[in-house]
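*Asks:* Handing you a structure now.
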Amino acid sequence: MIVEIQVLPLGTGSPSVSEYVAEAVKVLRDKGLNFKVTPMATVFEIDNFSQISDVLDEIRKRMEARGIKRVVFVIRIDYRSDKELKMDRKVESVMKRIRD
């Protein structure tokens, strides 16, 4: 399963949110998940839906520890039951078609 997430902390007092995004990405790193940070969101791979809940709860806790009382999570999930999804394979599939 591939998940795309945006973590939008509200009430930071600054238009810059990179320190909060970095903290959210550290959650993925600390959980040993394969992830890729992009300019607008972070994409990561998980095995099951319960892992999403664990990730979100840990991000929420870390935001609260930094004094953030409100966080908007924007999440997209790509799930397939017929085969395992991997970020690199999806990208390579598109790039191969571009090269052809």
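Every number here is computed from the coordinates shown, using simple stated rules; none is lab data. Model, not experiment: these values are computed from the prediction. Counting neighbours? That spans all protein chains shown, and the Cβs are built from the backbone with ideal geometry, glycine included.
*Asks:* Working only within region 37-75, note down all residues that are without any contact (Cβ under 8 Å) to a residue 12 or more places away in the chain and β-branched (Val, Ile, Thr).
*Replies:* Thr38
*Asks:* Another question, then. Confirm whether Thr12 is under 30 Å from Asp82 (Cβ atoms) and among the polar types (S, T, N, Q).
*Replies:* Taking the combined requirement at face value, the residue does not satisfy it.
*Asks:* Are any of the residues in region 21-43 over 13 Å from the mean Cα position of the chain (by Cα) and closer than 12 Å to Ile2 by Cβ?
*Replies:* Within region 21-43 (the criterion being over 13 Å from the mean Cα position of the chain (by Cα) and closer than 12 Å to Ile2 by Cβ), the answer is no, since none of the residues qualifies.
*Asks:* Could you list, in sequence order, all residues of region 33-48 that are surrounded by fewer than 12 Cβ atoms within 10 Å (Cβ to Cβ) and farther than 15 Å from Lys86 by Cβ?
*Replies:* Passing the criteria: Thr38, Pro39, Met40, Asn48.
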